[in-house]
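**Q** Next up is a structure, given as structure tokens.
The values are calculated or read from the model by the stated rules, or taken from the named source; none is laboratory data. No experiment lies behind these values; they were computed from the predicted model shown. So basically every Cβ, Gly included, is an ideal-geometry build from the backbone, and we count neighbours across all protein chains shown. For accessibility, only protein heavy atoms count, side chains too; no ligands or nucleic acids. Shrake-Rupley method; radii C 1.70, N 1.55, O 1.52, S 1.80 Å.
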Amino acid sequence: QVQVVESGGGLVEAGGSLRLSCAASGRSFSSYCVAWFRQVPGSEREFVAAISRSGGSKNYADSAKGRFTISRDNGKNTLSLQMNRLAPEDTAVYYCAAGAAYCSTGPGIYSYWGQGTQVTVSS
């Protein structure tokens, strides 16, 4: 069993930066692919970025490429998302997802989810 808790969301002006963090409990954190998703009201949960168990492989949504960086620290059971050059369309609730045996852009294979952290980007 893994529990994940996100932090770091907030209000930022367009062009600014935020760093999201995800703290995971459980000794099996390093056994899973972990990812970030985001969701706006009325829309489906959208893939943002994923990172493999070792951290050696990363995958980004087109909207995140070149602006966002995903990283993990297996020794500390943490996942991070550095978001730069934020735009109003990045406004969403961001979720940390864990528990996937392999990385995927689909949310269905991730077993553990946090409660989400709100990111609001003003224009």
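**Q** Restricting to the stretch 68-82, count the residues that are in a strand (DSSP E or B), among the small types (Gly, Ala, Ser) and open to solvent by 20 Å² or more (accessible area, probe 1.4 Å).
**A** First, the residues of the stretch 68-82 that are in a strand (DSSP E or B): 68-73, 78-82.
Narrowing the set further to residues that are among the small types (Gly, Ala, Ser) leaves 71, 80.
Then drop every residue that is not open to solvent by 20 Å² or more (accessible area, probe 1.4 Å), which leaves 71.
Looking only at that region, the number is 1.
**Q** On to the next question. I need the full set of residues from the stretch 1-33 which are at pLDDT below 90, in contact with a Gly (Cβ under 8 Å, 6 or more places away or on another chain) and of a type outside the set (Val, Ile, Thr), in order please.
**A** If the condition is that a residue be at pLDDT below 90, in contact with a Gly (Cβ under 8 Å, 6 or more places away or on another chain) and of a type outside the set (Val, Ile, Thr), then 1 is the only one that fits.
**Q** Taking the stretch 83-109, which residues are part of a helix (DSSP H, G or I), touching a residue at least 24 places away in the same chain (Cβ under 8 Å) and surrounded by 15 or more Cβ atoms within 10 Å (Cβ to Cβ)?
**A** 90, 107
**Q** Exactly one condition in (1) in a loop (DSSP other than H, G, I, E, B); (2) small (Gly, Ala, Ser); (3) open to solvent by less than 20 Å² (accessible area, probe 1.4 Å) is false for residue 15; which is it?
**A** (3)
**Q** Right, another one. Restricting to the stretch 110-123, name every residue that is part of a strand (DSSP E or B) and in contact with a Phe, Trp or Tyr (Cβ under 6 Å, 6 or more places away or on another chain). It would help to see each step written out before you state the result.
**A** Within the stretch 110-123, the subset part of a strand (DSSP E or B) is 112-113, 117-122.
Selection gives 113, 117, 119.
**Q** Right, here's the next one. Test residue 68 against the stated conditions and say whether it is under 18 Å from residue 3 (Cα atoms) and out of contact with any Ser or Thr (no Cβ under 6 Å at 6 or more places or on another chain). Walk me through it before giving the result.
**A** Details: under 18 Å from residue 3 (Cα atoms): no; out of contact with any Ser or Thr (no Cβ under 6 Å at 6 or more places or on another chain): yes.
Criteria not met by residue 68.
**Q** Determine, yes or no, whether residue 61 is closer than 13 Å to residue 90 by Cβ and either touching a strand residue (DSSP E or B) at 6+ places or on another chain (Cβ under 8 Å) or open to solvent by less than 50 Å² (accessible area, probe 1.4 Å) (or both). If you could, list the steps in order and put the result at the bottom.
**A** Details: closer than 13 Å to residue 90 by Cβ: yes; either touching a strand residue (DSSP E or B) at 6+ places or on another chain (Cβ under 8 Å) or open to solvent by less than 50 Å² (accessible area, probe 1.4 Å) (or both): yes.
Here the answer is yes, as residue 61 does meet what is asked.
**Q** Specify the residue that is farthest from the chain's Cα centre (by Cα); the eligible residues are those in the stretch 38-58 that are touching a residue at least 12 places away in the same chain (Cβ under 8 Å) and over 19 Å from residue 102 (Cα atoms).
**A** The selected residue is 40.
**Q** Which one is surrounded by the most Cβ atoms within 10 Å (Cβ to Cβ) among residues in the stretch 111-122 that are modelled with pLDDT of 95 or more and not aliphatic (A, V, I, L, M)? Explain how you work it out, then say what you get.
**A** Start the filter on the stretch 111-122 by keeping residues that are modelled with pLDDT of 95 or more, which leaves 113-122.
Remaining after also requiring not aliphatic (A, V, I, L, M): 113-118, 120, 122.
Details: 113: 18, 114: 19, 115: 10, 116: 17, 117: 22, 118: 12, 120: 15, 122: 11.
Only one residue fits best here, namely 117.
**Q** Here is a further query. Taking the stretch 20-37, which residues are surrounded by 13 or more Cβ atoms within 10 Å (Cβ to Cβ) and either within 12 Å of the chain's Cα centre (by Cα) or without any contact (Cβ under 8 Å) to a residue 12 or more places away in the chain (or both)?
**A** 20, 21, 22, 23, 33, 34, 35, 36, 37
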